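First the structure, in the form of structure tokens, and then the observations on it.
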Amino acid sequence: MGLIGGMARTAVVAGTATAVSNRVSRRQAGRWAAQDQQQMEHQYYQQQQYQEPAYAAPAPAAPAAASSGDLIEQLQKLGELRDQGILTDAEFAAQKAKLLGG
């Protein structure tokens, strides 16, 4: 085998090694991409599972005219709703103002 034959064999071996190396690299990159995708889906699922509902509880309606006994009861009920976290402080203040006529 002459000089050209040896060079041709070296070129074939080098080309084959490059092709194999590229194939392994692409396969590994595909595995990593699939792994990343699976991890992102898992994180998204976990976030969706622990999010609180995006709705607000309706505020209780206040009667037009209430006696002082009813007014105290309604204020107490509003306070309980606020303490339970059903009403925010702002909602409580708005409902209290409606009851007190202000």
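The values are calculated or read from the model by the stated rules, or taken from the named source; none is laboratory data. In this text the structure is predicted, and so the values were computed from the model without any measurement. Here Cβ is always computed from backbone atoms with ideal geometry, including for glycine, and neighbour counts include all displayed protein chains.
List of remarks:
This table checks each residue for (1) modelled with pLDDT of 85 or more; (2) under 30 Å from Ala93 (Cβ atoms).
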{"position": "Thr10", "(1), (2)": "no, no"}
{"position": "Val13", "(1), (2)": "no, no"}
{"position": "Arg31", "(1), (2)": "yes, no"}
{"position": "Glu41", "(1), (2)": "yes, no"}
{"position": "Pro63", "(1), (2)": "no, yes"}
{"position": "Ser67", "(1), (2)": "no, yes"}
{"position": "Gln74", "(1), (2)": "yes, yes"}
{"position": "Lys77", "(1), (2)": "yes, yes"}
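- Annotation: Ala90 fulfils all but one of (1) out of contact with any Leu (no Cβ under 7 Å at 6 or more places or on another chain); (2) surrounded by 10 or more Cβ atoms within 10 Å (Cβ to Cβ); (3) modelled with pLDDT of 80 or more; (4) aliphatic (A, V, I, L, M); the unmet one is (2).
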